[in-house]
1. Which residue fluctuates most in the GNM of the chain (Cα springs below 10 Å): ASP37, ASP177, ASP256?
2. How tilted is helix 324-334 with respect to the longest principal axis of the chain? Cα atoms for both, answer in degrees (0 to 90, nearest 10).
3. Which whole-Hz ³J(HN,Hα) couplings does the stretch 247-253 yield from phi under the Karplus relation 6.51 cos²θ - 1.76 cosθ + 1.60, θ = phi - 60°, glycine and proline marked x?
4. How would the stretch 280-353 be classified by its alpha-carbon gyration tensor: rounded, prolate or oblate, with rounded meaning a/c under 1.5 and the a/b versus b/c comparison settling the rest?
5. For the stretch 1-159, rounded, prolate or oblate, judged on the Cα gyration tensor with a ≥ b ≥ c (square roots of eigenvalues), a/c < 1.5 rounded, else prolate if a/b > b/c?
6. Can you work out ³J(HN,Hα) from phi for every residue in the stretch 120-125, in order, using Karplus 6.51 cos²θ - 1.76 cosθ + 1.60 and θ = phi - 60°, giving whole Hz and x for Gly and Pro?
7. Could you tell me the relative contact order of the stretch 2-101? Use alpha-carbon pairs under 8 Å, at least six residues apart, and round to a whole percent.
8. In the structure shown, do any of LYS201/LYS327; LYS15/LYS124; LYS12/LYS327; LYS14/LYS130; LYS222/LYS327; LYS201/LYS244 have a Cα-Cα gap over 27 Å, and if so which?
Amino acid sequence: MAEEKSQLDWNKIKKFSAQVSTDIGAAMLGALSYIGDRLGIFRALSDAGTVTSAALAERTGLSERYLREWLSAMSAAGYVIYDPSAKTYTMPAEHAMVLAREESPFFAGGFIEMIVPQMSIAPKVMQSFKNGRGVPQSEYPAETWEAMERSSASMYRDRLVRKWLPTMPQVITKLTDGGSSLDVGCGSGRAAIAIASAFSKSQVFGFDAHPGSVERARANAKEAGVGDRITFDVVDCTKLPESKFDFISTFDVVHDSVDPNALLSSIRRALKPGGTYLMVEVNVSSNLEDNINPMGRLMYSMSTLYCMTVSLAHGGAGIGACMGEAKARELVAAAGFSKFRRLPIDDAFSVLYEIQV
């Protein structure tokens, strides 16, 4: 033991200890960020400009003492700027675009909301480490689906129709002329709603195996004024109707799938001749060595706490979020598709594959 200690690099130990302390602090700050998002404190602080904790308490109706401690944590983290002479707090406009402005393409509120539901499921995932099984969707808090919807909202609102679909002109032509579109694993329905809103003649469908998500999708479509133009149903998407759709999409669905081979084979059969399948997945590599960075840290963690385990819970493949392009190509080829093109889209979180028979 003494010899082992003499061989240790104590500077490396101190450096790594500091890193772990930083990460623990980030995890604790995540809990406070969740509170700030859910109680509207970030938004109130952004709207207020420069305020004291007492003024923010009056504005929000929340406890001044709790707000003061929360503001101290946010100031220490650099989320908020503190003026010690005036004892005031300010959220920079640039920070507000990430923390307080739901309409911003950089808004992170959905991911922040996901922190507590994901952490709360950790004890159940821990049991899966022992038995090798998984945690089914039914075990997750209902808030999980709202968080997912909010985290992907800007993708459908800002990028899908305006930036992504134009890279596939044949899809634009089909949908403009009244073609049929299906979003597989539609979740809360935002992709289908975006397509129905942009292409008034199109026939739009959204299928998902999760009943709660389909209920949310129907409510969202009604609120958006396109409820009568979209068919949302609870469906086993490994058994889709054959030769029915001109365009099929999946958004971060394949890596969660219980049986990705059956899913992609079903999608291939469901496409009409000349149809197009758009697979959107996480913009990471299939190789761990390429993902040793903040994005990899986030996605492997989220995959362990949700993506991989919900698949394994049903005896599934458990691919996980970081399947990368190599795995996507392998699955697509096995399903019988012959054309695979990575679309020329530069996006920090998403990679898009245009796939045809």
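We did not get these values from a lab; they are worked out from the coordinates using the rules stated. Because the structure is predicted, anything quoted here is derived from the model rather than measured. Every residue, glycine among them, receives a Cβ derived from its backbone with ideal geometry; neighbour counts consider all protein chains shown.
1. Looking only at ASP37, ASP177, ASP256, the largest GNM fluctuation is found for ASP177.
2. Approximately 20 degrees, to the nearest ten.
3. 3J(HN,Hα) across the stretch 247-253, in whole Hz: 9, 10, 10, 9, 10, 6, 10.
4. Details: a/c = 2.12, a/b = 1.13, b/c = 1.87.
Oblate shape, in that a/c is at least 1.5 and b/c is the bigger or equal ratio.
5. Values: a/c = 2.15, a/b = 1.23, b/c = 1.74.
In terms of gyration-tensor shape, oblate.
6. Each residue of the stretch 120-125 in turn: 5, 8, 4, x, 6, 5 Hz.
7. Details: 74 pairs, mean separation 26.6, N = 100.
It comes to 27 percent, rounded to a whole number.
8. Values: LYS201/LYS327 35 Å; LYS15/LYS124 32 Å; LYS12/LYS327 36 Å; LYS14/LYS130 32 Å; LYS222/LYS327 37 Å; LYS201/LYS244 16 Å.
The answer is LYS201/LYS327; LYS15/LYS124; LYS12/LYS327; LYS14/LYS130; LYS222/LYS327.
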